[in-house]
1. Take ALA159, project a point 7 Å from its Cα along the Cβ direction, then tell me which residues of segment 319-338 have their backbone nitrogen under 19 Å from it.
2. If the cut-off is a Cα-Cα distance under 18 Å, which aspartates and glutamates reach LYS161, setting aside same-chain residues fewer than 8 apart in sequence?
3. Add +1 for every Lys or Arg and -1 for every Asp or Glu among the other residues with Cβ under 12 Å from the Cβ of THR80, and state the total.
4. Say the cut-off is 28 Å between C-alpha atoms; which of LYS69/LYS138; LYS226/LYS303; LYS85/LYS226; LYS125/LYS316; LYS133/LYS283; LYS283/LYS351 go over it?
5. Can you send over the solvent-accessible area of ASP28, 1.4 Å probe, protein chains only, in Å² to the nearest 10?
6. With every protein chain present, what is the per residue accessible area of segment 217-282 (1.4 Å probe, Å²)?
7. Keeping every protein chain in place, order LYS283, LYS303 by accessible area at 1.4 Å, biggest value first, i.e. largest first.
8. I need the calculated FRET efficiency for the pair GLN172 and ILE248, taking r as the beta carbon distance and R₀ as 22 Å, to the nearest 0.05.
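The values are calculated or read from the model by the stated rules, or taken from the named source; none is laboratory data. The structure displayed is predicted, hence computed values, not measured ones. Because the Cβ atoms are built from the backbone with ideal geometry, glycine has one as well, and the counts that use them run over all protein chains shown. Please note that ligands, DNA and RNA were not included when accessible areas were found on the heavy atoms of the full protein model with its side chains. Shrake-Rupley method; radii C 1.70, N 1.55, O 1.52, S 1.80 Å.
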Amino acid sequence: MRSLGRDRSDRYKQDSQTARVDIGELLDQTHLPERLSQEIANAARRRAGQIISRVRKTNSPASTRTQEKRLYTVVAAFRTLDELKRCPQTVVNLREAHIEALVKYWREQKQFTLPTIKVYLSHLKWFLAVHHKEQIIKTELNGYFNTEEVVNHSTIAWADKSWTGAGVDTDQVISSIRAEDARVAAVLLFSWATGARIAEASAVNVLDAIEQWRRDLQIRLDRCTKNGLARSVTPDDVRFGVWMHHAIPLINRRTGSVIPDQYSLEGWLKHTYYILHKHGIKKEGEGALGVTAHGLRHEFLQKIIEEVTGLPAPVKFWVAGDSPVGQYDPELYQLARQTIVLAAGHFDARKANAYAGSATAKAARIKQRLERLHGQLTMTDG
């Protein structure tokens with residue numbers, strides 16, 4: 001396996017790299033039309049890092065991981081069109097009908113969720129933007145699905161995805177994992193203490209993080225961040241102290257992280273999720289606890305609402321059958337939302353709703369619509 005030594009430390013700076021995919025080999029395996037294959041290859045080699053997001057506030061190119069995902073999505077999409085006997089010879093001939101056929105296939109045959117489809121459409125939009133054809137992809141999912149289905153998959157959290165919300169004893173689960181793999185347990189502890197994503201928690205330089213915390217009471221996350229965006233977070237002091245105690249003996253002296261030398265980042269993440277699934281950290285299946293590692297991120301971000309406003313996150317009101325509308329001091333609630341977005345490393349303020357739920361009148365109306373729809377379905381079934 002590849003090492004994560006200092007000679008590869010630049011792999012963490014994904015925003016300055018180009019994709020590592022061998023695009024020629026990938027295209028050779030798919031047997032797409034020659035001109036179309038050349039167009040994909042040219043986009044990969046010349047415009048891989050191009051940004052098309054309207055809300056992104058950094059000039060850095062797309063991360064290596066994003067570049068790779070885009071390329072795989074684009075190639076897979078055209079391969080699907082080929083299997084459907086609808087693949088064009090060139091991107092010039094691609095029409096809205098092709099995109100609609102893809103979306104229908106993803107939803108009906110592959111059973112992909114709407115958020116997944118939205119991500120795939122964004123990847124295709126990058127490729128089409130290179131050829132000035134991005135307008136054939138509709139800007140909203142409403143253009144492909146009925147209103148009720150889109151509302152059901154809104155970015156507002158109606159279910160509490162935190163471990164506490166699922167009744168999981170976090171300390172006990174992490175202790176159980178530590179008995180098998182202390183490094184994976186350390187990654188979970190860091191995520192719980194800072195709201196970091198698992199990749200970020202894995203790659204963080206332990207000694208640097210401790211020094212920053214002691215000096216500023218904050219930690220700068222700049223390794224393996226989404227969109228290459230660095231951010232500073234204020235950790236939970238107690239949980240951070242526990243992480244520090246367990247992480248220091250596990251430091252890889254060459255990289256500063258807890259990832260052992262025998263793993264690449266990709267290999268480490270696969271190993272981590274294997275251990276997590278083994279211990280029930282999954283939504284479904286035998287022994288599932290009904291949570292994911294990402295739930296610790298929800299836990300941290302929801303706590304911000306409580307610390308700033310003095311009230312639980314809105315999603316906890318909804319889950320309990322109550323309404324959070326009118327419960328919060330407007331200024332404190334807005335401050336909490338802004339703090340969540342910054343701590344989570346997002347650009348879009350609406351992302352706060354995905355972690356904490358919404359306490360606005362609009363959210364209440366959406367909830368009421370869903371309840372009315374549920375009532376209508378119940379009456380129909382009766």
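1. 319-322
2. ASP169, ASP171, GLU284, GLU299, GLU306, ASP322
3. Working: positive: ARG79, LYS85, ARG86, LYS104, LYS110; negative: ASP82, GLU83.
In short, +3.
4. Numbers: LYS69/LYS138 21 Å; LYS226/LYS303 22 Å; LYS85/LYS226 36 Å; LYS125/LYS316 36 Å; LYS133/LYS283 38 Å; LYS283/LYS351 22 Å.
Table pairs above 28 Å Cα-Cα are LYS85/LYS226; LYS125/LYS316; LYS133/LYS283.
5. Solvent-accessible area, nearest 10 Å²: 110 Å².
6. Numbers: 3060 Å² over 66 residues.
Per-residue accessible area for segment 217-282 comes out at 46 Å².
7. On the way: LYS283 110, LYS303 65 Å².
The residues order as LYS283, LYS303, largest area first.
8. Numbers: r = 23 Å, r/R0 = 1.04.
Computed FRET efficiency for GLN172 and ILE248 comes out at 0.45.
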